[in-house]
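**Q** Sharing a structure, written as structure tokens. Questions coming.
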Amino acid sequence: MSSRKREEKNTSPWGGRFQKSLDKKAETFTASLSFDRRLAAEDIQGSKIHCRMLVKTGIISTQEGDLILKGLEEIEQELSRGEFTPDPALEDIHMNIEKKLIDKIGTVGGKLHTGRSRNDQVALDMHLFVKREITEVEKLLHALQKTILTLAREQREVIMPGYTHLQRAQPVLFSHHLMAYFWMLQRDRERFMDSFQRADLMPLGAGAISGTSFPIDREYLCSELDFKKMYENSMDAVSDRDFVLEFLSDSAFLMMHLSRLSEELVLWSSQEFSFVELGDAFSTGSSMMPQKKNPDVPELVRAKTGRVYGNLLSLLTVLKGLPLTYNKDMQEDKEPLFDTVDTVKDVLSLYNELLRDMKLHKDKLQNAVKGDYATATELADYLALRGVPFREAHHAVGKLVRYCLDREMWLTELTTEEAGAFHPLLGEVEALENIKPEEAIKGKNSRGGTSPQALEKQMELASEILMQRLEE
Ligand code: ARG
């Protein structure tokens, strides 16, 4: 009996209190190593500074600190060479690194965890990770905005139909349409940068929940780890995952925007529209129908928006109803975050290339504007500008459009006599000049409008916004 008990001895760091080892299935179920190994670099970075602080405050000796730092650096090198093989029995990356340290330098390695708990350690790693990823995503967003601006500049002559209800509404410049996405991405970028402030909070020193009785120096930790502020409440520090949620929510907005762009690219590259052609490098064919060229990339961007929304919902649900402070539930914050980071970064860099590689069918765009009634508003405005109440003007032009539809002709084919029959002012030569798409566009000169002049201003402003950031 006593020998069996010895066999069952629990060898985990908390083994002292336990008589049995963790059930194998429960071990696999509770482990996070398979995904949190991604935090290894952050974990070592945090541990090194924590160790320096322990030396600085005299909590451990300089010799002990030197040994620990040397051990951590060796582990860091092993990691970068891909030689670090963690032990799955050790639950997570944090326990693995600690165990490795102790294997390397002996029991003194156990002193690293003085005044610290895995709860504040994990929180710190997550903060470091999110801060770094915000910077990465910001760079990719900036690059994509730059590409959009460049394309808008190159294509500034091209006119296309603007849509409401997916019905042709009014002619616009293609660049104006494209620039709408520039501003969406600008708001996304601002959202990420704003969230950075909430990620820039240092949790270390909170211990497991209540702080620590060791004379630690949190100000030192804060400045050495490059944080602007620290948590002022230890219980908040170990319970908070708002900064992760914000990253997931910013990403959900971003994906929603890119999904709208994707939907347009899918439509525009269809034979029905034929406004654009995606490059061969970003399309696939059909294994059965030889003529096909499929817009797989935009389709998948549209679809992957679903998992990014799902990741946000999943973490919101995990956190909802959790009592303070740390609960194992919070281990489930990592996979949604990592998956979102990977998805968003892939999508941003792919779209940067895809847009540059996309061909515009200018003739198709131009023809689409000619072959419709999208300048009917111009005629109504023409009358209204000359004192005709807009409702009356709208009615007269509506009848004129009906007349054209019945005769299967375009507005541009009308003679002054025909038009004049619907309202004397419509019979003026000038009135019919107004229905040329180029003229209609020139007229939309209000700030933020689609006239070439207003577009120039818009693009200048956009370019200043991109520059400002580089100067900072
Ligand atoms: N693997 C855990 C996580 O990611 C580490 C924190 C464990 N803390 C604890 N008190 N069990 O959340």
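The values are calculated or read from the model by the stated rules, or taken from the named source; none is laboratory data. Source: prediction; values computed, not measured. A quick note on method: Cβ atoms are made from the backbone with ideal geometry, for glycine too, and the neighbour counts reach across all protein chains shown. Note: areas computed on protein heavy atoms with side chains; ligands, DNA, RNA excluded. Shrake-Rupley method; radii C 1.70, N 1.55, O 1.52, S 1.80 Å.
**Q** For the pairs LYS24/LYS111; LYS70/LYS229; LYS146/LYS359, flag any whose C-alpha to C-alpha distance is greater than 23 Å. Don't jump to the answer; show the numbers that get you there.
**A** Values: LYS24/LYS111 29 Å; LYS70/LYS229 29 Å; LYS146/LYS359 18 Å.
LYS24/LYS111; LYS70/LYS229, as the Cα separations exceed 23 Å there.
**Q** Between the alpha-carbon centers of the stretch 207-233 and the stretch 106-150, tell me the distance in whole angstrom.
**A** 17 Å
**Q** For each pair in LYS9/LYS104; LYS293/LYS362; LYS139/LYS292, compute the distance between the two Cα atoms and list the pairs where it is over 26 Å. The partial results should precede the final answer.
**A** Values: LYS9/LYS104 24 Å; LYS293/LYS362 20 Å; LYS139/LYS292 35 Å.
Check vs 26 Å cut-off fails for LYS139/LYS292.
**Q** Starting from 0 in steps of 5 Å, tell me what percent of the Cα-Cα pairs of the stretch 1-156 lands in each bin.
**A** 1, 8, 14, 16, 16, 13, 9, 7, 5, 4, 3, 2, 1, 1, 0, 0, 0, 0
**Q** Under 18 Å Cα-Cα from LYS457, which aspartates and glutamates qualify once same-chain neighbours fewer than 8 residues away are excluded?
**A** The reachable aspartates and glutamates, counting only those whose Cα sits under 18 Å from LYS457, are GLU154, GLU157.
**Q** Angle, helix 376-385 long axis vs. longest principal axis of the chain, Cα atoms, 0 to 90°, nearest 10?
**A** The two axes meet at around 70 degrees.
**Q** Assuming R0 = 45 Å, what is the FRET efficiency of TYR220 and ASP342, from their Cβ-Cβ distance, to the nearest 0.05?
**A** Working: r = 34 Å, r/R0 = 0.76.
For R0 = 45 Å, the calculated efficiency reads 0.85.
**Q** Say each of GLU332 and THR164 gets a label point 7 Å from the Cα, pointing the same way as Cα to Cβ; how far apart are those two points in nm?
**A** Rounded to a tenth, the inter-label distance reads 4.4 nm.
**Q** Return the calculated 222 nm mean residue ellipticity for the chain, to the nearest 500 deg cm²/dmol, obtained by summing -39500 (n - 2.57) across DSSP H runs with n ≥ 4 and dividing by the residue count. Intermediate values should be presented prior to the final figure.
**A** Details: 20 runs with 290 residues, N = 472.
Using -39500 (n - 2.57) per qualifying helix, the result is -20000 deg cm²/dmol.
**Q** May I pose another question? Excluding LEU144 itself, what net charge comes from residues whose Cβ is under 14 Å from its Cβ, given Lys and Arg +1 and Asp and Glu -1?
**A** Working: positive: LYS139, LYS146, ARG187, ARG189, LYS345, ARG356, ARG469; negative: GLU136, GLU138, ASP188, ASP346, GLU353, ASP357.
Charge balance near LEU144 sits at +1.
**Q** Would you tally the net charge around ARG191, using a Cβ to Cβ cut-off of less than 9 Å, leaving ARG191 out, and scoring K and R as +1, D and E as -1? Please report the intermediate quantities before stating the final value.
**A** Details: positive: ARG187, ARG189; negative: ASP188, GLU190, ASP194, GLU246, ASP250.
Local net charge: -3.
**Q** Ok, one more. For labels at GLN63 and GLU392 in the simple 7 Å Cα→Cβ model, what's the distance in nm?
**A** Here the modelled spin labels are 10.2 nm apart.
**Q** Let me ask you something else. Could you state how much accessible area HIS394 has, in square angstrom rounded to the nearest 10, with a 1.4 Å probe and all protein chains kept in place?
**A** My reading of the accessible area for HIS394 is about 100 Å².
**Q** A follow-up question, please. Enter the angle in degrees (range 0 to 90, nearest 10) between the Cα long axis of helix 118-154 and the first principal axis of the Cα atoms of the chain, meaning the one along which they spread out most.
**A** Helix 118-154 sits at roughly 20 degrees to that axis.
**Q** Below 21 Å, Cα to Cα, which lysines can LYS320 reach? Residues fewer than 8 away in the same chain don't count.
**A** Here the lysines satisfying the reach criterion relative to LYS320 are LYS328, LYS334.
**Q** Ok, one more. Where both residues lie in the chain, what percent of DSSP beta bridges are antiparallel, nearest 5?
**A** For the chain, the DSSP antiparallel bridge percentage is about 80.
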